Structure formats: structure tokens, C-alpha cells
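The values are calculated or read from the model by the stated rules, or taken from the named source; none is laboratory data. Owing to the predicted nature of the structure, the values given are computational and were not obtained by experimental measurement. Glycine also receives a Cβ, built like all others from the backbone with ideal geometry; neighbour counts cover every protein chain displayed.
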Amino acid sequence: MGAINFSRKWSNLFGLVFVGAAIVWSVVAIPCWSTSSQAPFSARGQGNAANTSRSGKGTHPALPSVRLGDIAPLDLSKLPQLPTGERYVAVVNGTTITERRFAAELALAIEQQQFSQIPSPTTSDEAAGLRAALAQPVLDQLIANVLIKQLAERRRVSVADAEVERAVNQTNEKLPPGRKLQDLAVSYGLTFDEIKDTFRALLLAAKIEDTFGRDERDPTPEELRNFLKSHPEANTPNEEIRVSAILLKLPNQATTETRERTRRLAERIVQELRGGADFCELAMNYSQDRASAPKCGDLGYVSRGKMDPEFDKVAFSLPIGKISDVVATPRGFYIILVREKHPTSARQAYRQFKKREAYLRWFEEEKRKAKIEKFL
């Protein structure tokens, strides 16, 4: 397999997701393994975030659709201990996941939750509920991280140190000036080696998945017709785009006055951009998306269904380099700039689907056979 283009292959998966050393979330957003239908690090997976809201009507499938304040607080007081006295939250085929690592990942998951559709907690009960709601998906992905490395060793799949360094460097380039993964790791109680360990697991997963597509043949006309019937999006041109955006958020239950004031500001920004203003500068000054604003509004590569339907409708019909009108979504008002388009043929989509299907089937069987103990 050729060298993996880390920033291209993985940076398109933006959202709240759960991986070991979750510092990586804000720049590459790796999808999680939290249900039986999804393996870790699936290149086209969407990542499961919390399905939790104050109204009880959530938007994500991984967690129960209940009020944050109604979720019982997380209790870590009865965790088992290693001989060293350090407590742990899980054991995967003999490999322990410590409370320290879990707590660091969970803290970052809470920090990152504003990138999803989940309303931010406003009371101490809601904050405790959010922590408890995110705990299991975070733990599941840490388990997946360990398991994928064990499986890679068994399949004799390896990643060179130089590949890990390349991935780290590509990610550092996406961070705002003066910020590096090394520094971010320390601020969340993680070591830089743990960050690199996550990149290694990610790259191992990519290599393992690629092995499932080596013998994949082209579909017959009938197979392709059946595939497109059940996956019509695969027949849509320009399936993947690289997009930048400015987001002006709306608070929950925003008044008509607030909506109109925010819309007018968005329209003024559009006028400035069409008058020649620099998109990067305005994104850094105005966008309220904390992940993309420091990166000039760059959301990376986005596939259909990743963003809100209103966003997709405009973004995938917008010519490269043209500024969109103001786009109203549940999150707020977007101004969109498409930078690149990458069409994917239906046959390519079919082969990718079959490769992922085989990979998921294999991983689910390996997960079933693994000895996994969880103590949450």
C-alpha cells in the first residue's frame, strides 16, 4: 500500500468522536466504535456523539435521548486497582486502561462537545449528566484503540515511526500558529507518547482495512443497480468536498429579534467577502465554531450527510471559490466557501462499501472473541 495521505484521508471526519488520546479530535476527528455496527477508525464512519438534549430530543444515535440533568452522575469510587495502586477502568486481553488515561480523554470529550448538536449544560446536574453520558463511548473507543493494535500485531501489520511522525507533523500544520500537539497533550494530562500511540493505532486501522479490498472485483451491472438502489448517494457526483465556513451560532430558543440580528450580521459578512475581504481573516474574527475558526474556517473534507441537510444542499451545489448566501441551519447561520471537489464513481463507492463491510464483519467477530472487562 502506498503512503497514507493522513490529512486528506482522515481530516474529513469532523464532529464529536471518541478515540484514544482525544487531543486528535479537534484536528482529524476520528470516528468512534460505540455500537456493534461500527468498527474503530472506519474511514467513512460518521462518529457517534451524544443523543442527549435538554428537550429530550437528541440528534445522535450513540447515547440515550434523555435530559442531561436526569442522568445519574458517574461513580469511579469502586474501580479495581493495579499492584501499584493505580486504578483502571477496563482490561482488553490482559492490557489495562487506567483511570488517569480515561479521565483525560473524558475531560477532552466534554470540552469538545460543543462541536456537536448537543446543547451545552447550564447547571451542575446537567454537567454531571453530560460527563456520565460521554463516559461509555469514550471508554469504548479506548478499548477499540487497544484492540486494533493487538489485532494488527497478530496480522503482522505495522507502522513505521516515520509514518507516525509524518501524521503528527501534518496535524500540527493544521493547528493555529504557536500551538502543537505536544503542548495540547500536557494541558489535558496526556503524554506526547500517548498522542503518538493514538496516531499509530489510527494508521494501523487504515492499513488493516485496506487489506480487505485487495481482491475486490468490479460489480456486475445487476450488483451495481442493487447497490445504487439502497445507496442512492453513491451515484451523486462530487461526493466529497473540502469546505470552509463561518458559523454564527444561535442560542437555544433564540428570540425572533436575536435571529434577525444574527442574520443581518451574516449578510454583512457575505457582502464583505464578495467585496474582496479575506475569508480567513473574517472566519477567525467572526466564526463561533471553536474548532475551525482558528484554521480560517477550514472544515476539511466533508461527505454528504456529515453536516446539516441545509448545509449539504448549498455546499454540494456551490461552485469552487464562490461565496454562498447565508444558510440557516439548526446550529445557526453559515457562510460557505467550497475549496475543492472530489468526485467518486459509483463503482469506487461499491468497492469501498464492500471493503468496509468485510472489515466491519471481521472486527465484530474479533471483538466477540476478545476478553474485554469493563468496570464502569
Original post:
Among the residues of segment 339-372, which ones are surrounded by 13 or more Cβ atoms within 10 Å (Cβ to Cβ) and among the small types (G, A, S)?
Top reply: A346, A349, A358, A370
**OP:** Search segment 265-299 for residues being surrounded by fewer than 18 Cβ atoms within 10 Å (Cβ to Cβ), within 22 Å of P330 (Cα to Cα) and of a type in the set (D, E, K, R), and hand back the single one that is farthest from the chain's Cα centre (by Cα).
**Re:** R268
Subject >> Selected residue (criterion: modelled with the lowest pLDDT) from residues of segment 80-129 that are in contact with an Asp or Glu (Cβ under 9 Å, 6 or more places away or on another chain) and aliphatic (A, V, I, L, M) >> reply: A104
Subject >> Boolean, V302 is surrounded by 13 or more Cβ atoms within 10 Å (Cβ to Cβ), hydrophobic (A, V, I, L, M, F, W, C), modelled with pLDDT of 95 or more and not assigned by TED's automatic domain parsing to the domain that holds L108 >> reply: no
**OP:** Quick one: which helices (runs of 4 or more DSSP H) lie wholly within segment 163-259 and hold at least 3 residues that are at pLDDT 85 or above, surrounded by 14 or more Cβ atoms within 10 Å (Cβ to Cβ) and not acidic (D, E)?
**Re:** 192-211
**OP:** Mind telling me which of the residues Q271, Q288 ends up being polar (S, T, N, Q), modelled with pLDDT of 95 or more and assigned by TED's automatic domain parsing to the domain that holds R331?
**Re:** Q271
**OP:** Could you list, in sequence order, all residues of segment 130-146 that are buried (at least 23 other Cβ atoms within 10 Å of the Cβ) and more than 19 Å from the chain's Cα centre (by Cα)?
**Re:** none
